[in-house]
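In what follows, a structure is listed as structure tokens, so that the remarks can point back to it.
The values are calculated or read from the model by the stated rules, or taken from the named source; none is laboratory data. Given the structure is predicted, the values throughout are model-derived calculations rather than measurements. Every residue, glycine as well, gets a Cβ built from its backbone with ideal geometry; the counts of neighbours run over all protein chains shown. Accessible surface areas use protein heavy atoms only, side chains included; no ligands, DNA or RNA. Shrake-Rupley method; radii C 1.70, N 1.55, O 1.52, S 1.80 Å.
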Amino acid sequence: MGLPLLKLKQDCVTRWNSTFDMLKRIICIKDAVISTLALLQSSIDTLTPEEWDIVDKAILILQIFNEVTIEVSSEKTVSLSKKIVLVSSMTATVNTYVDDISLPHAVHQMAVSLKNELQKRFKDIEETEIVAQASILDPRFKKYGNIRLPSTPSNNLEQAPTTSTSQPPVSLLWKIYEDKVEKFKSTVSSTAAGIIELDKYLGETLIDRKDDPLKWWYERKHIYPHLYEFAMKRLCVTATSVPCERIFSEAGQIITQKRNRLNTKKASQLIFLHNNLS
């Protein structure tokens, strides 16, 4: 069931790109098409000036969706931290066209429909804890997400090391009290350390969007030891199934009708090598 579903999604992306490219090409050769049909005196109905204008304006609106499709399809992996940025870009772009009263009615209705669909699908995206955390912990996009780190940092962040000093034996009278005090000190110090790290991290300048956030965190893991461990758990979450779909496509190129006697282990090794050496 999984393979047909991935193949369907891949076909939809391919079909979308083909449709958008076709619209762009027809606009680029508009004059040539009109002139050729006129010279040939063809019976084919040509588009009216109003319809040409609709196609032209529709391309402007659909451009942002095409760029997002290329963005999530071109990279080897797309981190979940990029999701809020992409959705924000699409929403802001569509809103400019919704407010444009000079657009043809059909194009304006398309913009409104796209805006409604974006709100329907992504209205709570910044309220989704894992998405917001991924955005905050990505040094490229940390300004785009709401700060929603765990409410109990002492359970999720590494406990701050305590200094071991020789203490006199505690009497039974004060043992329970001393245990509670030590537990409270440990919790407070860990929470405070996490807050200090987060505040310092948010004060860092944004890195270039083309830089590797994992490399950035690795180089600073000793500066932000608590946040580093948490960032490794969030930045590994992918936002698209494109890498998986590519592997399925590569498998189809390796396991062909002429090579259908490859055993499972050998096929797995070939797919692994093909995906990691290319």
Task: Shape box of segment 47-149 [Cα atoms, principal axes, largest first, Å] - done: 54, 27, 19
Task: Net charge, ALA32 excluded, C-beta distance under 15 Å - Lys, Arg +1, Asp, Glu -1 - done: +2
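At a Förster radius of 25 Å, what calculated FRET efficiency corresponds to the Cβ-Cβ distance of ASN95 and GLN63, to the nearest 0.05? Walk me through the numbers before you get to the answer.
Working: r = 15 Å, r/R0 = 0.59.
Efficiency, from the Cβ-Cβ distance: 0.95.
For Cα pairs less than 8 Å apart in space and 6+ apart in sequence, what is the mean separation divided by the residue count of segment 105-146, i.e. the relative contact order in percent? Intermediate values should be presented prior to the final figure.
Numbers: 20 pairs, mean separation 10.4, N = 42.
Dividing the mean separation by the residue count of segment 105-146 yields 25 percent.
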Task: Peptides 57-65, 253-261 ordered by average Cβ neighbours within 10 Å, highest first - done: 57-65, 253-261
- [ ] Any chance you could look up the accessible area of TYR228 with a 1.4 Å probe, heavy atoms only, rounded to 10 Å²?
- [x] 40 Å²
TODO: For segment 193-259, just run the numbers: alpha carbon Rg, then divide by 2.2 N^0.38 Å, N being how many residues it has.
DONE: 1.71
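Express in nm, to one decimal, how much length is gained between LEU37 and LYS266 on full extension, taking 0.36 nm for each residue of separation and deducting their alpha carbon distance. The partial results should precede the final answer.
Details: separation 229, 0.36 × 229 = 82.44 nm, distance 5.64 nm.
Result for the pair: 76.8 nm of gain on full extension.
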TODO: Multiply the residue gap between VAL55 and THR19 by 0.36 nm, knock off their C-alpha separation, and tell me the result in nm, one decimal place.
DONE: 11.8 nm
TODO: Just add up the charged neighbours of LYS115: K/R +1, D/E -1, any other residue whose Cβ is under 13 Å from the Cβ of LYS115.
DONE: 0
Open item on the list: If I model a spin label as a point 7 Å beyond the Cα along the Cα-Cβ vector, how far apart are those points for ARG220 and ARG246 in nm?
Closed with: 2.7 nm
Task: Heavy-atom SASA rank of ARG209, ARG220 (probe 1.4 Å, accessible area, largest first) - done: ARG209, ARG220
Task: Residue-by-residue Karplus 3J(HN,Hα) for segment 250-260, coefficients 6.51, -1.76, 1.60, Hz, glycine and proline x - done: 5, 4, x, 7, 8, 8, 9, 5, 7, 10, 7
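So if we plug the beta-carbon distance of CYS28 and SER113 into 1/(1 + (r/R0)^6) with R0 = 25 Å, what FRET efficiency do we get, rounded to 0.05? Kindly include the intermediate steps, with their values, before the conclusion.
Details: r = 26 Å, r/R0 = 1.05.
The formula returns an efficiency of 0.45 here.
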Task: Using θ = phi - 60° and Karplus 6.51 cos²θ - 1.76 cosθ + 1.60, couplings along segment 214-230 (whole Hz; Gly, Pro as x) - done: 5, 5, 4, 5, 4, 5, 10, 5, 7, 7, 10, x, 5, 5, 4, 4, 6
